[in-house]
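Notes to accompany the following structure.
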There are 2 protein chains.
Amino acid sequence: MGLIMNLDAQWITGFVDGEGCFYVGINPHPEMKLGFQVLPEFTVVQHERDVQILHALKRYFGCGVVRKNHGDRMAYRVRGHGNLTERIIPFFMKHKLKSKKRIDFERFRRVTIMMERGMHLTEDGLADIRRLADEMNRGRPR
Amino acid sequence: MGLIMNLDAQWITGFVDGEGCFYVGINPHPEMKLGFQVLPEFTVVQHERDVQILHALKRYFGCGVVRKNHGDRMAYRVRGHGNLTERIIPFFMKHKLKSKKRIDFERFRRVTIMMERGMHLTEDGLADIRRLADEMNRGRPR
């Protein structure tokens, strides 16, 4: 669409306070020792008319994908330990969210630290992560 | 609680790109000559857990009210020609929205200019405003 949209860090923080989601999926996965895979992801969903914003976020963070979500919605989604711990999390450590979504972000961050220590591969650690994930995902928007 | 939340202009712009709404109500009103009152309003709705953000917006703009909306939702709402044309509109003229909500903002602004010229008091003007309002309110969130 012609002009590149450049984003400001504070604009991103405000937009994510409204539209972002920090989510930890815990999915059955037969090849994992405990039978489950822990999958943290950061997503921003928008109506397709604003897909340009999602591409601008992807360019800003230098990671993630923009894909079709449901119906006329598109999603910017970041998965992968390296992307989350080296790009997404440091950004929101520096530019603090102002909404209560910040509590979800802190839980999200705790899960990634626990995974770094391999705690998701132990029964107790997985139970702790599940508890954190339940607390976070409860308020999942829409 | 306690600490006052200070907002940054770019943060507000990002947050309103996600959560704000520029709306023009056209309501039956027997005391108006044409039988209708044109009521432009700027609103931001949040879950009550984030009511602090709404109060911070009210403080930042120096106008509007924070009220209960539906269920567990609260709304920051600005009405009144002076508030809109002297505080809200100049802010978003200076700090441009990045989402397609900017198109609604431009229509909203046109309606306030038309009202300044008294066009909402003529049949033709009211019809024009109604058309603009229909275009804007179509994409009204939630």
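The values are calculated or read from the model by the stated rules, or taken from the named source; none is laboratory data. Everything numeric in this text was worked out from a predicted model, so none of it was measured. When we count neighbours, we look across all protein chains shown, and the Cβ atoms used for this are built from the backbone with ideal geometry, even at glycine. Calculation scope for accessible area: heavy atoms of the full protein, side chains included, ligands and nucleic acids excluded. Shrake-Rupley method; radii C 1.70, N 1.55, O 1.52, S 1.80 Å.
Looking across A:VAL16, A:VAL65, A:VAL24, one residue alone is hydrophobic (A, V, I, L, M, F, W, C), under 14 Å from the mean Cα position of the chain (by Cα) and open to solvent by 40 Å² or more (accessible area, probe 1.4 Å). It is A:VAL65. A residue that is within 14 Å of the chain's Cα centre (by Cα), charged (D, E, K, R) and open to solvent by 70 Å² or more (accessible area, probe 1.4 Å) cannot be found anywhere in segment B:111-130. Among the residues of segment B:55-75, those that are farther than 23 Å from B:ARG107 by Cα and within 14 Å of another protein chain (Cβ to nearest Cβ) comprise B:HIS55, B:ALA56, B:ARG59, B:TYR60, B:ASP72, B:ARG73, B:MET74. Of all residues in segment B:36-54, those that are closer than 28 Å to B:ILE113 by Cα, open to solvent by 10 Å² or more (accessible area, probe 1.4 Å) and within 12 Å of chain A (Cβ to nearest Cβ) total 1.
Just one of (1) crowded, with 17+ Cβ neighbours inside 10 Å; (2) out of contact with any Pro (no Cβ under 6 Å at 6 or more places or on another chain) fails for A:ALA9. It is (1). Among the charged types (D, E, K, R) and at pLDDT 95 or above: does that describe B:LYS58? Judged against the criteria, B:LYS58 is a match.
Within segment B:11-32, being facing chain A (nearest Cβ under 8 Å) and β-branched (Val, Ile, Thr) holds for B:ILE12, B:THR13, B:VAL16. If B:ASP8 passes every condition in (1) within 18 Å of the chain's Cα centre (by Cα); (2) within 12 Å of chain A (Cβ to nearest Cβ) but one, which one does it miss? Here B:ASP8 clears every test but (1). Of everything listed in (1) at pLDDT 95 or above; (2) touching a Gly at 6+ places or on another chain (Cβ under 9 Å), the single unmet condition for A:MET119 is (1). Look at A:ARG77 and say whether it is touching a Ser or Thr at 6+ places or on another chain (Cβ under 7 Å) and not small (Gly, Ala, Ser). Criteria met by A:ARG77. One residue stands out in segment B:104-120 among those that are in a helix (DSSP H, G or I) and without any contact (Cβ under 8 Å) to a residue 24 or more places away in the chain: the one that is nearest to A:LEU54 (Cα to Cα), namely B:GLU106.
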